[in-house]
Amino acid sequence: MASQVLVAANRGPLSYELGDDGTLTARRGGGGLVSGLSAALARQPEALWICAALSDADREAVRRGVSETGVRMLDIDPTTYDGAYNGIANSVLWFTHHHLYDIPREPVFDARFRQQWDAYAAYNHAFAVALAEEAGEGAAVLVQDYHLALVPGELRELRPDLRISHFTHTPWASPEFLGMLPDDIRAQLLWGMLGADVVGFHTWAWAEAFVAGAHIDDASGSAGPAGDRRRGVRHRKAGADARSTEVAVYPLGVDEDELRALAHRPEVNDKLAALRTEVGDRKAIVRVDRTELSKNIIRGLLAYRELLTAHPEWRGRVVHLASAYPSRQDLEVYRSYTQAVRELAERINEEFGTRDWQPVLVSVKDDFARSLAAYRLADVALVNPVRDGMNLVAKEIPVVSDAGCALVLSTGAGAYGELREDALTVNPYDVTATAEALHAALSMPAGERLERTKRLAAAATALPPTAWFTAQLDALREA
Ligand code: G6P
């Protein structure tokens, strides 16, 4: 049956596990995009989510015809998938949008890159074809993220009747970084996105970067006042009529009731009790991230070390709980980053630890229940990405905190736009300033901390996933 609301994202709401006896079990998929969209789509029972098969078990499920209602997985051949996901999406586009290149050595756009780009185009093509097959007349199609930048343009050619949006969950590169991409590739990327009726971002910082970058390739941004939720970009591709694309901002927030309920499950209560025993009457500085270069975990640890050096009164009186769960471990740069995080934490423990005090406790497991327990316990939350689309951890902690939590937040997080007034804000590269902000956060009077936490929680819940999704659907229907 043709669908009227379709979502396309690399990751689906579930993935499969293959048991030793050959049975397939569906598990909930991970990541901020998946949790936000799953919550929103729970209220859209007729919607279809198209995603990629991510593992051998997923591919096996597709081959056996095993599926869940509302989900279609695409079985993309593993070499194409690897070039698209590891090669272009995670090694090129992720690094471009997060400004992560090690400039003397990277990036290098050579013949291998061109092969990977072809894989990326093939992978995007598979999504465009599947969407064109499944969408009903005039349906709304909401394409997600940098993995699928070429889909809107291609889908518009296949199905001019559809209403198409693209939402970027990451930052958007500044024109300087975007300008590093080969000209033809950058043009394909921008024209792909401009195939959408609406292009959405979490914050104006990224939307403005997109509009500025769109000038490079003969598409002009006509900017309205900065406070506007939407602006237009008019563009004309050679041989085609002029069209316009709306650039809009939808800052994803947290569903307060749902998150609080999750954070008070018996499993989380048990983990909280265990953490309380470990931390004792010390203060807890908490961080929770994928082990991801953009999250800036190393500079966070260096700042903690500087705190213990510059303010020795905190020695023995504070514990740093860092959950850094593994991500994209197929890529060497992620594996070595994970290793560097572990090693630095060990060095800090060797340098400052005593018989009854371990300064840093690192957990490298993906354990959401433990993270929620740490959220509730935190006296201080450290969220210091160099550049981050939104960062939902900064929004989740104030919402579930038991006794109020001071937030140290970097200017690089998308959440900075909404949370800066009640957070202690830092330049993510400035380790000394981060150490001083940690000191100020640890020293904050309990009353002030609680008041700030309440205001942070109010800002964090302003646009929960369902409203975030509905607003985009409405904009698309009006477009
Ligand atoms: C970011 C991206 C998402 C992605 C998630 C996890 O939040 O915006 O699209 O799903 O990271 O990354 P992964 O590569 O594991 O899907």
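Remarks
- Selected residue (criterion: nearest to residue 292 (Cα to Cα)) from residues of the stretch 88-107 that are within 12 Å of the ligand (Cβ to nearest atom) and among the hydrophobic types (A, V, I, L, M, F, W, C): 94
- Check on residue 127, assigned to a helix (DSSP H, G or I) and among the aromatic types (Phe, Trp, Tyr): yes
- Only one entry in 146, 123 is modelled with pLDDT of 95 or more, over 20 Å from the mean Cα position of the chain (by Cα) and hydroxyl-bearing (Ser, Thr, Tyr), namely 123.
Matching residues to (1) within 16 Å of the ligand (Cβ to nearest atom); (2) under 29 Å from residue 469 (Cα atoms); (3) touching a strand residue (DSSP E or B) at 6+ places or on another chain (Cβ under 8 Å); (4) outside the structural domain of residue 91 (by TED's automatic domain parsing):
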position: 233; (1), (2), (3), (4): no, yes, yes, no
position: 240; (1), (2), (3), (4): no, no, no, no
position: 292; (1), (2), (3), (4): yes, yes, no, yes
position: 304; (1), (2), (3), (4): no, no, yes, yes
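- Applying the condition of being touching a Ser or Thr at 6+ places or on another chain (Cβ under 9 Å) and away from the ligand (no atom under 16 Å from the Cβ) to the stretch 317-341 and asking which residue is nearest to residue 289 (Cα to Cα) yields 322.
- Checking 299, 276 one by one, the residue that is assigned to a helix (DSSP H, G or I), in the same structural domain as residue 433 (by TED's automatic domain parsing), under 23 Å from the mean Cα position of the chain (by Cα) and charged (D, E, K, R) is 299 and no other.
- Residues within the stretch 135-193 that are on the phi > 0 side of the Ramachandran plot, part of a loop (DSSP other than H, G, I, E, B) and away from the ligand (no atom under 16 Å from the Cβ), tallied: 0
- Among the conditions (1) within 29 Å of residue 415 (Cβ to Cβ); (2) buried (at least 18 other Cβ atoms within 10 Å of the Cβ), residue 117 misses just one, which is (1).
- Residue check: residue 394 meets all listed conditions (1) out of contact with any helix residue (DSSP H, G or I) (no Cβ under 7 Å at 6 or more places or on another chain); (2) of a type in the set (A, V, I, L, M, F, W, C); (3) part of a helix (DSSP H, G or I) but one, namely (1).
- Of the helices (runs of 4 or more DSSP H) contained entirely in the stretch 41-107, those carrying at least 2 residues that are out of contact with any strand residue (DSSP E or B) (no Cβ under 7 Å at 6 or more places or on another chain) and of a type in the set (Val, Ile, Thr) fall at 78-82.
- Note on the stretch 315-353: among residues that are free of Cβ contacts under 8 Å to residues at least 12 places away in the same chain and acidic (Asp, Glu), the one that is nearest to residue 274 (Cα to Cα) is 346.
- Scanning the stretch 349-375 for residues that are over 23 Å from residue 335 (Cα atoms) and not in a helix (DSSP H, G or I) yields 353, 354, 355, 356, 357, 358, 359.
- Near pairs, Cβ below 7 angstrom, 6+ apart or cross-chain, from the stretch 156-174 (outside the structural domain of residue 127 (by TED's automatic domain parsing)) to any residue that is more than 16 Å from the ligand (Cβ to nearest atom): none
- Complete set of residues in the stretch 58-76 that are of a type in the set (A, V, I, L, M) and within 16 Å of the ligand (Cβ to nearest atom): 71, 73, 74, 76
- Filter pass, residue 36 being at pLDDT below 95, touching a Lys or Arg at 6+ places or on another chain (Cβ under 9 Å) and within 16 Å of the ligand (Cβ to nearest atom): no
- Every residue from the stretch 5-22 that is away from the ligand (no atom under 12 Å from the Cβ), of a type in the set (D, E, K, R) and not in a strand (DSSP E or B): 20, 21
Yes/no per residue for (1) among the hydrophobic types (A, V, I, L, M, F, W, C); (2) surrounded by fewer than 18 Cβ atoms within 10 Å (Cβ to Cβ); (3) assigned to a helix (DSSP H, G or I):
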position: 399; (1), (2), (3): yes, no, yes
position: 417; (1), (2), (3): no, yes, yes
position: 422; (1), (2), (3): no, no, no
position: 432; (1), (2), (3): no, yes, yes
position: 435; (1), (2), (3): yes, no, yes
position: 440; (1), (2), (3): yes, yes, yes
position: 448; (1), (2), (3): no, yes, yes
position: 454; (1), (2), (3): no, yes, yes
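- When the stretch 149-166 is limited to residues that are surrounded by fewer than 22 Cβ atoms within 10 Å (Cβ to Cβ) and of a type in the set (A, V, I, L, M, F, W, C), the one that is farthest from residue 469 (Cα to Cα) turns out to be 158.
The values are calculated or read from the model by the stated rules, or taken from the named source; none is laboratory data. The shown structure was predicted, so the numbers you read here are calculated from the model rather than taken from an experiment. Please note: Cβ atoms are built from the backbone with ideal geometry, for glycine as well, and neighbour counts cover all protein chains shown.
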